[in-house]
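Q: Please see the structure below; I have some questions.
The values are calculated or read from the model by the stated rules, or taken from the named source; none is laboratory data. Everything quoted here is computed from the prediction, not taken from an experiment. Positions of Cβ are generated from backbone atoms using ideal geometry, with glycine treated the same way; all protein chains shown enter the neighbour counts.
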Amino acid sequence: MSQTDIEIVVEDPTAPEDNSPAVTNNRTVEIVVALLLLALAAVLGYDNWRTGIGWDSTGPQPGYFPFYLAVILAGASLYGLVKALASRELAQETFVTRAQARRVLAVFLPTLAFCLVTQFLGLYVASFLLIAGFMAFVGKIAWWKSLLTAFIFTAIMFVTFDIVFDVIMPKGPLEAAFGY
């Protein structure tokens, strides 16, 4: 056996359990996504129809091309919806287990909170909290390392965007207290 045939297998101690119960199946997810895309196509189609989908003396009106793209999206969504409704195999396949969903939510919920906190505390404070929190809770890294890394990264980000490139970023009360 040559060196290229050797396979190294490393177990992930934080991997979700194999026997975790299913939260939902592939069929349900495909139906929900197809319905959401169909709703998006309807909103886009209506909005572009409202702005004009015809031709005038100068050429196509502003909504002409986007309207037909929305029609194509609606057609693709309907196709996906019918295919998902007719499929029996998709109903048997697990989309996500409870343990997998827990891991996804461990990343999604703090990221959502980051987006909301940015509106009130500004980008830099929210970034500091997100980085420190992820490192400490998800990465299980020592608090002092998490806080130091978050501080250094946020300081570099502040210097880069606000001072060097003079880019306007969402600010909060902390930046206002320092006069920025």
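Q: In this structure, is Ala84 touching a residue at least 60 places away in the same chain (Cβ under 8 Å), small (Gly, Ala, Ser) and closer than 30 Å to Ser20 by Cα?
A: no
Q: Where residues in segment 5-51 are touching an Asp or Glu at 6+ places or on another chain (Cβ under 9 Å) and either closer than 30 Å to Val138 by Cα or not assigned by TED's automatic domain parsing to the domain that holds Gly80 (or both), which of them is surrounded by the most Cβ atoms within 10 Å (Cβ to Cβ)?
A: Here the residue is Asn26.
Q: Separate question: Filter segment 156-178 down to the residues that are in contact (Cβ under 8 Å) with a residue 40 or more places away in the chain and aliphatic (A, V, I, L, M), then identify the one that is nearest to Leu116 (Cα to Cα).
A: Checking each candidate, the answer is Met169.
Q: Can you tell which of Leu130, Leu78 is out of contact with any Gly (no Cβ under 8 Å at 6 or more places or on another chain) and surrounded by 18 or more Cβ atoms within 10 Å (Cβ to Cβ)? Walk me through it before giving the result.
A: Details: Leu78 fails: surrounded by 18 or more Cβ atoms within 10 Å (Cβ to Cβ).
Matching residue, one of Leu130, Leu78: Leu130.
Q: Considering only segment 1-117, give the helices (runs of 4 or more DSSP H) lying wholly within it that have at least 3 residues that are modelled with pLDDT of 95 or more.
A: Qualifying helices (runs of 4 or more DSSP H): 26-51, 64-86.
Q: Working carefully through the options Phe128, Phe137, find the one that is modelled with pLDDT under 95 and in a helix (DSSP H, G or I). Step through it out loud before you land on a result.
A: Numbers: Phe128 fails: modelled with pLDDT under 95.
Residue meeting the stated conditions: Phe137.
Q: On the given criteria, is Leu174 surrounded by 10 or more Cβ atoms within 10 Å (Cβ to Cβ), of a type outside the set (Phe, Trp, Tyr), outside any loop (DSSP other than H, G, I, E, B) and under 27 Å from the mean Cα position of the chain (by Cα)? Step through it out loud before you land on a result.
A: Numbers: surrounded by 10 or more Cβ atoms within 10 Å (Cβ to Cβ): yes; of a type outside the set (Phe, Trp, Tyr): yes; outside any loop (DSSP other than H, G, I, E, B): yes; under 27 Å from the mean Cα position of the chain (by Cα): no.
No: the conditions fail for Leu174.
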